[in-house]
Amino acid sequence: MALDIWWISGSPYAWWVLLAAEAKGLDYEGHLLSISKGENRTPEYLAMNPRGRVPLIRDGDFILTEAMAIVAYLDTKNGATPLFGTAPHEAARIWEAISQITSDLQRASDAFADPILFGRAKPDNPEPIRESAEKLKTELAFFEHRLASSSYLCGETLSAADIGLLPFLLFNLRAAGRDIAKDLDLDIVPFAGNYPRLAAWIKQIEALPGYDKTYPPHWRN
């Protein structure tokens with residue numbers, strides 16, 4: 001029986017789960033929901049997740065919500081590409097990086113990218129954008145440094161932290177590329193010039209099999 005994954009386009013957490021399924025080589029059926037149409041609030045969906053959030057998976061009779069729980073579950077499905085390492089110290093480093101992504105980086109992302117992408121940023125009041133950009137740059141510099149001695153965030157192999165960081169980075173780069181941000185010369189883009197290790201690392205992740213299948217459909221337009 002195929003695994004079912006419910007997701008929305010552009011959600012970093014939903015994207016994280018899709019990338020995990022691809023990295024593990026799992027067969028799954030994706031169900032793209034439209035938030036604007038309320039498809040995450042239908043009686044059928046709320047029966048599976050009363051909070052109405054995505055991502056959500058159904059594996060036979062087993063239903064699971066919350067991205068990190070889902071990624072950890074998917075990692076148990078087969079032995080291909082262990083996403084949480086193969087030794088206790090490896091798992092600890094990966095969970096350490098995940099915590100840094102879902103706490104520090106997410107807070108910076110919420111402050112910087114969300115107002116720009118969802119129309120709350122004000123062109124006539126650029127200071128909040130500048131201030132949030134400085135906090136985001138602190139986080140970008142942190143992850144740039146993590147890549148100084150290894151090909152991936154937690155060593156020489158792909159991990160759950162790598163596929164989690166990517167959606168957040170691309171979400172923020174999408175915001176940094178908008179005119180309201182570009183006009184402020186925030187020193188985020190061009191990204192390769194400011195964060196060369198992260199830029200090279202992004203290309204590695206984008207080259208993984210199945211990556212293109214997970215790319216947010218509405219970003220292609």
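Among 35, 116, 129, the largest mean-square fluctuation in a Gaussian network model of the chain, built with springs joining Cα atoms closer than 10 Å, belongs to 35. Rounded to the nearest 5, the antiparallel percentage of DSSP beta bridges internal to the chain is 60%.
Rounded to the nearest 0.05, what FRET efficiency do residue 192 and residue 47 give with R0 = 35 Å and r taken as the Cβ-Cβ distance? Could you check? Mind dumping the intermediate values first?
Numbers: r = 46 Å, r/R0 = 1.32.
So the FRET efficiency works out to roughly 0.15.
Calculate the FRET efficiency for residue 211 and residue 77 from the Cβ-Cβ distance with a Förster distance of 22 Å, rounded to the nearest 0.05. Working shown, then result.
Numbers: r = 19 Å, r/R0 = 0.87.
For residue 211 and residue 77, the calculated efficiency is 0.70.
If N is the number of residues in region 88-216, what value comes out of its Cα radius of gyration divided by 2.2 N^0.38 Å? Write down the numbers at each step before the final one.
Working: Rg = 14.9 Å, N = 129, 2.2 N^0.38 = 13.9 Å.
Here the answer is 1.07, to two decimals.
Order these peptides, 65-75, 5-15, 179-189, 162-172, by their mean beta-carbon neighbour count within 10 angstrom, highest first.
Values: 65-75: 18.8, 5-15: 21.8, 179-189: 15.0, 162-172: 24.2.
Result, highest mean Cβ count within 10 Å first: 162-172, 5-15, 65-75, 179-189.
Step through the table entries 135/182; 122/213; 37/203; 37/77, compare each Cα-Cα distance with 23 Å, and write down the pairs that go over it. Present the calculation step by step, with values, prior to reporting the outcome.
Working: 135/182 17 Å; 122/213 34 Å; 37/203 34 Å; 37/77 33 Å.
Beyond 23 Å between Cα atoms: 122/213; 37/203; 37/77.
Subtracting the Cα-Cα distance of residue 203 and residue 90 from 0.36 nm times their residue separation leaves 38.3 nm of extension gain.
What full-extension length gain, to one decimal in nm, is calculated for residue 127 and residue 62 as 0.36 nm per residue of separation minus the Cα-Cα distance? Before the final figure, lay out the partial values.
Values: separation 65, 0.36 × 65 = 23.40 nm, distance 4.73 nm.
Difference between extended and current length: 18.7 nm.
So what is the relative contact order of region 88-216, in percent, for Cα pairs below 8 Å that sit 6 or more residues apart? List each step's numbers first, then the result.
Values: 100 pairs, mean separation 37.6, N = 129.
Relative contact order for region 88-216 comes out at 29 percent.
Only one residue of 67, 56, 118 has its Cα farthest out toward the positive end of the dipole of the chain, where Lys and Arg carry +1 and Asp and Glu -1 on Cβ, and that residue is 118.
Within 10 Å of each candidate Cβ there may be at most 13 other Cβ atoms; applying that plus a DSSP loop requirement, which trypsin sites (Lys or Arg not before Pro) in region 76-168 survive?
Counting only loop positions with at most 13 other Cβ atoms within 10 Å, the trypsin sites (Lys or Arg not before Pro) in region 76-168 are 120.
Other residues within the sphere of radius under 14 Å centred on the Cβ of residue 213, judged by their own Cβ, net out at -3 (K and R +1, D and E -1).
All of the numbers you see were taken from the coordinates with simple rules; none came from a lab. Quick caveat: nothing in here was measured; it's all calculated off a predicted structure. Glycine also receives a Cβ, built like all others from the backbone with ideal geometry; neighbour counts cover every protein chain displayed.
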